[in-house]
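Working notes for the structure below.
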Amino acid sequence: MMPNELSLPKPLNLIAGKWVPAASGDEMDVRSPLDGEVFTTIAAAQPEDVDAAVKAAREAFDIGTWGQMTAAERGRLMLKFSLRILEEAEPLAQLESRDNGKPLKQARADMVACARYFEFYGGAADKVHGEVIPFMTGYNVQVVREPYGVIACIIPWNYPSQMFARALAPALAMGNSTVLKPAEDACLTCLRLAELAGEVGFPDGAINVVTGRGDVAGRALSEHPGVDFIAFTGSPEVGQMIQIAAAKNYISCTLELGGKSAQIVFDDADIDAALPFLVGGIIANAGQTCSAGSRILIQESVYEKVVAGLKEQFEGLEASDISEEAALGPVISAKQKKRVEAYIDGADAPLIARGTVREGAPKGGYYVAPALFGPVDPHSNIGQEEVFGPVLCAMTFKDEADAIRIANDTEYGLMAAVWTRDGARQQRVAKKLRGGQVYINGFGAGGGIELPFGGVRKSGHGREKGFAALLEFSQIKTIINKHD
Ligand code: NAD
């Protein structure tokens, strides 16, 4: 049983500044991955609830207070929100840890990142300028950047607070209104964050939240004709449905999907410096990170040495419910645990090392002992498919060309890292790797808030984070004024 001092959000949707149940009255159970027990419920929004949320967002944008605010006013509000998130960071982190299962230390770091999104984009809100184009005599041509209108933000469960902020902050900075559909498996912090946004003064309808099933509420939102743009983060399968829904309404979307990212270790790399990043890149969030470094490509001559270092670290890893100390927590759900374990049991590669699950961890929790495989055939299932769990594949390569070929040879292209002391090689390889972000002698899943991030092909398209997101979440209009 969980301690009950945690204050839980009400199982309601936020529509036009009011907390309301689903019109049907339907609710869904919420289980904690830490012990598998139901500890609260959420509203199961139906298409009519989604319709009301989109209408509220439209009104806020067209005729409400939100739509009338200047960029500086929006920015100031966002900065206020950022500070409020920091004030509430501890209860938010406790809530996220219970809802999502992530170790408290990581949940705390996620709250700081969440606040930072609103700080970064709040500061940037009034710094996106237009252009004046020299044209024919007697003309003045301005290019202005405008919000789309209503942005639907559909997000996954792996980093609920960070995803809330990553989608909403740039969308709001540019003056859009939003309807958020968090994932059914972890949405409690999104509800609490939306509540805090109301407290600091976001006008009604600027942020609306509908919770519930993806194939009901998510689908209704993505297909709604009142939506002007969709920001989606989630699986490639649903991403494809989103793109089809967007196409049917002739609107645009960003898709932030999965990955099978490679960290490439050359024979001249500083192996001791690399090892914590090679392990951390897959263990963070129990491997449930789109940009997890799930493949380690190691040059043949140092393969044994690198693998020995990885093995030692993996054998010491323990999945645990003791949030403060845990290297990793449980995965999100019973379904996800089954999926990850099926990959481990069916792996067509030698198992090098397996971590453990803390003895005494709740039996109903969704814990998976981390697994290290190698050498893995790059074309095998485990070498190609996104496991989304604490499973690391070690592979070998001969030379630079071989490394680039193997790294790029998946359907995905999200991020990568190259470990070498050779400066020219760092640049050559970084430029040839397919994806939106490449680290050199480092690895930070997803990078910082300031750094543009996104994928190619099955990893999606569009860029979030950094200034790039402000451009994604706005459109340009050219105003041609013939004055003489
Ligand atoms: P998912 O695609 O199942 O769900 C994502 C969201 O879409 C949820 O809110 C869900 O309710 C909603 N949804 C589900 N079916 C829908 C439908 N038919 N129409 C509209 N919405 C629907 O993904 P998930 O299991 O929550 O997350 C895991 C996936 O997300 C992984 O593949 C991971 O790589 C990816 N991910 C990517 C990034 C990134 O930035 N690239 C970040 C986090 C997660």
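The values are calculated or read from the model by the stated rules, or taken from the named source; none is laboratory data. It should be emphasised that the depicted structure is a prediction, and the values quoted were computed from it without experimental measurement. For neighbour counting, all protein chains shown are included, and Cβ atoms are generated from backbone atoms with ideal geometry for every residue, glycine included. Heavy atoms of the whole protein, side chains included, go into the accessibility calculation; ligands, DNA and RNA do not. Shrake-Rupley method; radii C 1.70, N 1.55, O 1.52, S 1.80 Å.
Here are the numbers for the structure shown:
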{"read-out": "Residues located in the stretch 85-97, provided they are open to solvent by 20 Å² or more (accessible area, probe 1.4 Å), among the charged types (D, E, K, R) and part of a helix (DSSP H, G or I)", "value": "E87, E90"}
{"read-out": "So S82, is it open to solvent by less than 50 Å² (accessible area, probe 1.4 Å) and touching a residue at least 40 places away in the same chain (Cβ under 8 Å)", "value": "yes"}
{"read-out": "Verdict on A107 being buried (at least 24 other Cβ atoms within 10 Å of the Cβ), assigned to a helix (DSSP H, G or I), touching a residue at least 60 places away in the same chain (Cβ under 8 Å) and among the small types (G, A, S)", "value": "yes"}
{"read-out": "P225, sole failed condition from (1) surrounded by fewer than 24 Cβ atoms within 10 Å (Cβ to Cβ); (2) under 28 Å from A93 (Cα atoms)", "value": "(2)"}
{"read-out": "Answer residue from the stretch 160-182, given it is of a type in the set (S, T, Y) and more than 20 Å from L83 (Cα to Cα) and is nearest to the ligand (Cβ to nearest atom) among those", "value": "T178"}
{"read-out": "Pick from the stretch 461-474, criterion part of a loop (DSSP other than H, G, I, E, B) and open to solvent by less than 20 Å² (accessible area, probe 1.4 Å), ranking: farthest from R421 (Cα to Cα)", "value": "F473"}
{"read-out": "Any pair with Cβ under 7 angstrom, 6 or more apart, that starts in the stretch 49-74 at a residue that is free of Cβ contacts under 8 Å to residues at least 40 places away in the same chain and ends at one that is crowded, with 18+ Cβ neighbours inside 10 Å", "value": "A52/I15"}
{"read-out": "Qualifying positions in the stretch 205-215 - surrounded by 24 or more Cβ atoms within 10 Å (Cβ to Cβ) and either within 11 Å of the ligand (Cβ to nearest atom) or under 18 Å from the mean Cα position of the chain (by Cα) (or both)", "value": "V209, V210, T211, G212"}
{"read-out": "Test: residue in the stretch 121-139 that is within 16 Å of the ligand (Cβ to nearest atom) and either at pLDDT 95 or above or in a helix (DSSP H, G or I) (or both)", "value": "no"}
{"read-out": "Lone unmet requirement of (1) at pLDDT 95 or above; (2) open to solvent by 10 Å² or more (accessible area, probe 1.4 Å) for K181", "value": "(2)"}
{"read-out": "From K477, K458, K431, residue being more than 11 Å from the ligand (Cβ to nearest atom) and either part of a helix (DSSP H, G or I) or touching a helix residue (DSSP H, G or I) at 6+ places or on another chain (Cβ under 9 Å) (or both)", "value": "K431"}
{"read-out": "Residue list for the stretch 184-197, filter: in contact with a Phe, Trp or Tyr (Cβ under 9 Å, 6 or more places away or on another chain), open to solvent by 10 Å² or more (accessible area, probe 1.4 Å) and within 21 Å of I85 (Cβ to Cβ)", "value": "E195"}
{"read-out": "Spans of strands (runs of 3 or more DSSP E) in the stretch 317-425 with at least 2 residues surrounded by fewer than 21 Cβ atoms within 10 Å (Cβ to Cβ)", "value": "351-354"}
{"read-out": "Test: L168 is buried (at least 22 other Cβ atoms within 10 Å of the Cβ), free of Cβ contacts under 8 Å to residues at least 60 places away in the same chain, among the aliphatic types (A, V, I, L, M) and over 30 Å from G364 (Cβ atoms)", "value": "yes"}
{"read-out": "Any hit, the stretch 406-416, residues being free of Cβ contacts under 8 Å to residues at least 40 places away in the same chain and either over 14 Å from K260 (Cα atoms) or small (G, A, S) (or both)", "value": "no"}
{"read-out": "Any hit, the stretch 150-161, residues being hydrophobic (A, V, I, L, M, F, W, C), at negative phi and part of a helix (DSSP H, G or I)", "value": "no"}
{"read-out": "Cross-chain or 6+ apart pairs with Cβ under 9 Å, the stretch 453-465 first and without any contact (Cβ under 8 Å) to a residue 60 or more places away in the chain, then more than 9 Å from the ligand (Cβ to nearest atom) and open to solvent by less than 10 Å² (accessible area, probe 1.4 Å)", "value": "V456/G413; R457/G413"}
{"read-out": "Helices (runs of 4 or more DSSP H) wholly inside the stretch 216-312 containing at least 1 residues that are in contact with a Gly (Cβ under 6 Å, 6 or more places away or on another chain), within 11 Å of the ligand (Cβ to nearest atom) and in contact (Cβ under 8 Å) with a residue 60 or more places away in the chain", "value": "236-248"}
